[in-house]
1. Using a Förster distance of 22 angstrom, determine the FRET efficiency expected from the C-beta separation of Asp102 and Ala68, and round it to 0.05.
2. Above 18 Å lies some portion of the pair distances; for the range 20-86, what is it as a whole percent of all C-alpha pairs?
3. Accessible area per residue, 1.4 Å probe, Å², for the range 22-88: what's the number?
4. Return the carbon/sulfur percentage of the accessible area of the range 45-125, one whole number, probe 1.4 Å, all protein chains in place.
5. Given the Cα atoms of the range 27-127, and with Rh set as the inverse mean 1/r over their pairs in the Kirkwood sense, what is Rg to Rh to two decimals?
6. Taking the simple approach of a point 7 Å from Cα along Cα-to-Cβ for both Ser124 and Asp88, what is their distance in nm?
Amino acid sequence: RHTRFKCDWSSDVCSSDLGVSAADVLGRNPDVNDYAAQLAALVESHQSRVDEVIQTFADKWPLHRMPAVDRAILRVAVAEMLFVPDVDTAVIASEAATVAADLSTDDSANFVAGVLGSVGAVRSSLL
C-alpha cells in the first residue's frame with residue numbers, strides 16, 4: 001500500500017501538467033506488486049466515485065485544498081474500502097493513517113483516520 005500511495009501521489013501531482021497516468025508511474029517502478037497495481041487501477045477507473053465519497057466525509061476540506069499526499073492516501077484507501085470488500089475496514093484505515101504519519105503533515109494521520117473511520121462506519125451502504 002505504501003508504494004501505491006506514492007504512485008497515486010506521483011500521478012496526481014504530474015497528471016495535470018504532464019499527462020502522466022498511474023499506469024505510467026507503475027510501469028517505471030518494477031518493484032510494484034500486483035496488489036498495488038490492482039489498487040492503482042481501481043483508483044483510476046473509479047476516481048469520480050472515490051472522490052465523491054471522500055468529499056462527503058471530508059466536508060470541510062475540498063479535495064483541491066488537501067495536501068496531495070493526503071488526497072492520494074484517501075483515494076487508495078476509499079477505493080479499497082469500496083471495491084475490495086474482503087479487506088477489513090480497520091486494517092485499511094490503520095495502514096492509511098500510518099502512511100500519512102510517515103509521508104505527510106503532523107495532522108494528516110488524524111485527518112485520514114477520521115475520514116476513513118466515517119467512511120468505514122457506513123461502508124456496507126456505500127457498496
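1. For R0 = 22 Å, the calculated efficiency reads 0.90.
2. Of all Cα-Cα pairs in the range 20-86, 38 percent lie more than 18 Å apart.
3. Heavy-atom accessible area per residue stands at 52 Å².
4. Ligands and nucleic acids excluded, carbon and sulfur reach 51 percent.
5. My calculation puts Rg/Rh at 0.94.
6. My value for the distance between the label points is 1.7 nm.
The values are calculated or read from the model by the stated rules, or taken from the named source; none is laboratory data. This one's a predicted model, so the numbers in the text were calculated from it and none came from an experiment. Neighbour counts run over all protein chains shown; Cβ positions are idealised from the backbone, glycine included. Please note that ligands, DNA and RNA were not included when accessible areas were found on the heavy atoms of the full protein model with its side chains. Shrake-Rupley method; radii C 1.70, N 1.55, O 1.52, S 1.80 Å.
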